[in-house]
Amino acid sequence: MTRMRAVVAERFGPPEVLRVAEVAVPEPSAGQVVVRVRAAGVNAIDWLTRAGLGVRVSRFPAILGWDMSGTVMACGSGVTGLREGDDVFGMLSFPALASCYAEYVAAPVTDVALKPSAIDHRQAAGAPMPAITAWQALFRHADLRAGQRVLIHGAAGGVGHIAAQLAHLTGAEVIATASARNRDFLIDLGVDQVVDYGLGPISELVSKVDVVVDSRGGADFLDLVNAVRPGGIVVTLKGEQPEYRAQLEAQQVRAGYVYVGPDPQALKAVAQHLADGAVRVAVDRALPLAQAAEAHKVGETDHVRGRIVLDVY
Ligand SMILES: NC(=O)c1ccc[n+]([C@@H]2O[C@H](COP(=O)([O-])OP(=O)(O)OC[C@H]3O[C@@H](n4cnc5c(N)ncnc54)[C@H](OP(=O)(O)O)[C@@H]3O)[C@@H](O)[C@H]2O)c1
């Protein structure tokens with residue numbers, strides 16, 4: 001097999017720039033495995049990058065997609081611990097282009113873990129970037145501990161619903177913001193209190209929080225600072241806003257900025273929780289690979305519950 005189907009972006013632009021094409025099957029370089037992709041996760045960075053607002057793309061046509069689950073078909077030199085036929089999942093090469101919207105992908109062996117047999121390829125493809133991001137926010141930036149009060153802002157989304165479960169597992173009291181329709185979904189995942197973000201500024205509805213995970217940024221970030229006790233921390237996924245530094249200092253609130261990157265330790269820990277059933281991945285919907293543009297359109301409505309995935313094979 002030398003040719004494969006992939007979804008390529010011809011240029012930056014609207015979802016319509018995505019089209020199915022025939023391209024060469026990748027060969028594994030040293031330290032890589034080639035994976036037959038069963039399902040690919042669709043993350044916000046995918047549609048941001050397609051629109052020219054995400055990571056750097058130096059060459060077109062470009063194949064998007066960083067998260068996948070599939071089966072190892074070939075191993076490059078120096079690969080140990082994996083062999084042909086193993087089912088693996090992972091977030092590949094981020095922030096370099098990884099090209100998971102394709103039938104085959106070359107994956108650095110350090111970026112994949114064995115797929116837990118308890119979950120299917122769709123669930124596994126929906127997990128890596130959301131889970132690694134949530135892990136880095138809660139444990140690398142906030143050092144979350146049992147008994148702390150944590151607020152997950154935007155908890156029904158890909159990152160948020162995993163962060164809520166990881167925080168619950170840690171023994172924290174978990175407060176989550178979402179629209180009213182996601183209340184039962186989040187309670188079922190172990191959230192203690194769901195706050196409808198439509199009812200007013202969050203800081204008027206929640207207070208004295210130790211840790212916030214902010215998936216929204218902008219003016220929400222400042223509002224969230226007001227919900228934190230002195231000494232607490234707001235970890236945002238939306239980058240630093242230097243104009244808020246003085247406010248943070250005045251209120252003795254720390255800030256953490258997640259820029260997700262490969263994290264084998266986090267991926268392994270999450271794989272164990274997925275295997276145990278302690279963390280579940282909500283698949284909002286699965287669409288065929290050829291409908292990647294539709295997946296982006298749905299994602300851009302900003303109300304996906306959990307993760308959208310593409311069925312590849
Ligand atoms: N810095 C990093 O390394 C990093 C890594 C991953 C993601 N991110 C960024 O983090 C953000 C979240 O990622 P994601 O994958 O979780 O996104 P997502 O799955 O697309 O988020 C969708 C969710 O946002 C919720 N939402 C919409 N408006 C809201 C509001 N005003 N207040 C609270 N929640 C609201 C929706 O819940 P309802 O339907 O209930 O409204 C929906 O479930 C994205 O902007 C992404 O680009 C950054």
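The values are calculated or read from the model by the stated rules, or taken from the named source; none is laboratory data. Because the structure is a prediction, the values reported are computed rather than measured. Don't worry about glycine lacking a Cβ; one is built from the backbone with ideal geometry, like all the others, and counts go over all protein chains shown. Each accessible area value is taken on the protein alone, full model and side chains, heavy atoms only, with ligands, DNA and RNA left out. Shrake-Rupley method; radii C 1.70, N 1.55, O 1.52, S 1.80 Å.
Points worth noting:
- Less than 5 angstrom separates the built amide H of VAL212 from those of LEU151, ILE233, VAL234, VAL235, all sequence-distant by 5 or more or on a different chain.
- Which of TRP66, TRP47 is most accessible, then next, and so on - probe 1.4 Å: TRP47, TRP66
- Separation between Cα centres of the stretch 164-221 and the stretch 1-31, rounded to whole Å: 38 Å
- 10 Å beta-carbon shell around ARG149, net charge (K/R +1, D/E -1): -1
- Formal net charge of residues neighbouring ASP184 (Cβ-Cβ distance under 13 Å; K, R +1; D, E -1): +1
- Heavy atoms of the protein chains alone define the surface here; on that basis the chain has 42 Å² accessible area per residue at 1.4 Å probe size.
- Distance between the 7 Å Cα→Cβ label points at GLU249 and LEU48: 2.7 nm.
- Per-residue SASA entry for LYS268, accessible area with 1.4 Å probe, Å² rounded to 10: 150 Å²
- Only Lys, Arg, Asp and Glu carry charge here, each on its Cβ (+1 for the first two, -1 for the last two); on that basis the chain has a dipole of about 300 debye about its Cα centre.
- Selection of GluC sites (Glu not before Pro), the stretch 224-288, meeting DSSP coil and at most 12 other Cβ within 10 Å: none
- Note on GLU240 and THR80: with the Förster distance fixed at 45 Å, the Cβ-Cβ geometry gives a FRET efficiency of about 0.70.
- Label-to-label distance, ILE187 versus PHE60, with points set 7 angstrom from Cα along the beta-carbon direction: 4.8 nm.
- DSSP beta bridges in the chain [antiparallel fraction, %, rounded to 5]: 55 percent
- The residue list VAL79, LEU64, LEU53 was ranked by how far each Cα lies along the charge dipole of the stretch 1-99 toward its positive end, using unit charges on Cβ atoms, and LEU53 comes out on top.
- The heavy atoms of THR110 offer some 90 square angstrom of accessible surface to a 1.4 angstrom probe.
- Relative to the Cα centre, the charge distribution of the stretch 145-267, modelled as +1 at Lys and Arg Cβ and -1 at Asp and Glu Cβ, gives a dipole magnitude of about 140 debye.
- Comparing VAL194, PRO108, LEU166 along the charge dipole axis of the chain, the residue lying farthest to the positive side is PRO108, per the Cβ-charge model.
- Of the residues LEU222, LEU199, LEU189, the one with the largest accessible area comes first in the ranking LEU199, LEU222, LEU189, computed with a 1.4 Å probe on protein heavy atoms.
- Candidate aspartates and glutamates for bridging to LYS268, where Cα separation is under 19 Å - those fewer than 8 sequence places away on the same chain excluded: ASP67, ASP86, ASP87, ASP111, ASP120, ASP143, ASP276
- Accessible area in the full protein assembly, largest first, 1.4 Å probe, for TYR259, TYR101: TYR259, TYR101
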